[in-house]
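What follows is a single structure, written as structure tokens, with notes after it.
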Amino acid sequence: MNYRIQNLLLFLFLSTLAFGQNKKFTYTQFDVTVALTGNPNRDEVDPYTNKKQSFFIPDGIGSKFGYGIHYHKWIAIGVHSGLSWEWSSKLVVAPIFANLRLSPKISDETRITLQAGLGKAIALGRGNLIGDYKKISLGLQTDDDLVLFIEVNHYTIPVNRRGDSGNISLGLALISF
């Protein structure tokens, strides 16, 4: 039998087994993040409220969308992309990356979620600036598949006489299994 025909038959057989179980093994994920930076005026007191300024202030927004496969919500791998806008460095980045997600249960209704991403990032409106992209996030996932997380992003895109850029973000994700 021809090698291609054997592979085709094997693929069809495995597909039938996978879809015959009537369980969805794909997921989609949508994230919204707010980047934070240290407040340079954090030691000053507001004259109207007599309160100290906040330690962190918003410094950008971002959104990502991903699609992939999972095994019982515990481990997943997918392809994600999105946009991230950093206000202080005037940078808009479009990353595309592979995402690995681990989500073990810590109680009946809660999971701890660790995600790591690796890929490429393109700076929009800056010519041909393309660099590596890395991210790691840690969060808590509810039984409704809503995740509250903190994320660290790193871009090797030279911006404002620096060799790289990045941010720390707080985010909210909705996952559909």
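The values are calculated or read from the model by the stated rules, or taken from the named source; none is laboratory data. Everything numeric in this text was worked out from a predicted model, so none of it was measured. No Cβ is skipped: glycine too gets one built from the backbone with ideal geometry, and neighbour counts run over all protein chains shown. Ligands, DNA and RNA are stripped out before the accessible areas are found, and what is left, the full protein with its side chains, is counted by its heavy atoms. Shrake-Rupley method; radii C 1.70, N 1.55, O 1.52, S 1.80 Å.
Helical content of the chain, expressed as a calculated mean residue ellipticity at 222 nm, amounts to -3500 deg cm²/dmol (DSSP H runs of 4 or more residues, -39,500 (n - 2.57) each, divided by residue number, nearest 500). Given the choices (1) 15.4; (2) 11.4; (3) 12.0, mean projected area of the Cα convex hull in nm² derived from the coordinates of this structure is entry (1). A simple charge model with +1 on the Cβ of Lys and Arg, -1 on the Cβ of Asp and Glu and nothing else charged puts the dipole of the chain at about 580 debye relative to its Cα centre.
Averaging sequence separations of C-alpha pairs under 8 Å and six or more residues apart, then dividing by the length of the chain, give the relative contact order as a whole percent.
18 percent
Does anyone have the angle between helix 3-20 and the longest principal axis of the chain? Alpha-carbon axes, 0 to 90°, nearest 10? Compared with the principal axis, the helix lies near 70 degrees. Here region 114-153 was treated as a single set of alpha-carbon atoms; its pair distances binned every 5 Å from 0 give 6, 20, 19, 16, 15, 11, 8, 3, 1 percent. Under Stokes-Einstein, with the Kirkwood radius over Cα pairs as Rh, the value for region 45-84 at 4 °C and 1.567 mPa s is 92 µm²/s.
Taking all protein chains together, Phe149, Phe177, Phe65 sort by accessible area into Phe65, Phe177, Phe149, largest first [probe 1.4 Å].
A Gaussian network model of the chain, with springs between Cα atoms under 10 Å, assigns the largest mean-square fluctuation among Leu138, Leu83, Leu124 to Leu124.
Protein heavy-atom surface of region 25-177, 1.4 angstrom probe: 65% of the accessible area is carbon and sulfur, with nucleic acids and ligands not counted. With all pairs of different C-alpha atoms in the average, the Kirkwood value for the hydrodynamic radius of region 86-135 is 13.0 Å. Annotation: per residue accessible area for the chain equals 65 Å², rounded to a whole number [probe 1.4 Å, protein chains only].
Mean separation of Cα pairs under 8 Å and 6 or more residues apart, divided by the residue count, gives region 67-144 a relative contact order of 24 percent.
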